[in-house]
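Have a look at the structure below, then the notes.
Where a number appears in this text, it was derived from the coordinates with a stated rule and is not lab data. These numbers were taken from a predicted model, which means no experiment stands behind them. Here the Cβ positions follow ideal geometry from the backbone for every residue, glycine too, while neighbour counts run over all protein chains shown.
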């Protein structure tokens with residue numbers, strides 16, 4: 001049971017419920033792929049170690065960026081009910097809005 005279901009008013013029903021779209025993970029995934037390709041090509045071409053480190057740093061940065069977006073996706077809820085619109089974002093620092 002999510003935030004929306006726990007905070008329904010009497011006689012209120014959920015009409016539509018959704019979360020953030022997975023496309024948020026696209027750019028971090030591309031950064032991870034770019035970093036890994038850079039490391040692989042630099043390794044194969046015997047490039048300076050700085051190039052491999054830069055590619056590895058890009059992959060790690062993409063991983064952390066993707067993790068932040070994944071947590072944001074999993075902790076966000078949006079719902080349309082018979083009475084109001086409910087928005088909830090966040091895990092520790094929760095931001096909620098309810099429009100009647």
| task | For the chain, please list each of the strands (runs of 3 or more DSSP E) lying entirely inside it that holds at least 3 residues being free of Cβ contacts under 8 Å to residues at least 60 places away in the same chain. | result | 85-89, 95-99
| field | Residue ID - surrounded by the most Cβ atoms within 10 Å (Cβ to Cβ), chosen from residues in the range 44-59 that are more than 28 Å from residue 75 (Cα to Cα) and touching a helix residue (DSSP H, G or I) at 6+ places or on another chain (Cβ under 6 Å) | value | 55
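Just name the residue that is surrounded by the fewest Cβ atoms within 10 Å (Cβ to Cβ) out of those in the range 64-88 that are closer than 25 Å to residue 23 by Cβ and more than 11 Å from the chain's Cα centre (by Cα).
Looking at residues that are closer than 25 Å to residue 23 by Cβ and more than 11 Å from the chain's Cα centre (by Cα), I get 85.
Mind listing just one residue for me: the one in the range 30-43 that is loosely packed, with under 15 Cβ neighbours inside 10 Å and within 20 Å of residue 66 (Cα to Cα) and, of those, nearest to the chain's Cα centre (by Cα)?
Of everything passing the filter in the range 30-43, 30 is nearest to the chain's Cα centre (by Cα).
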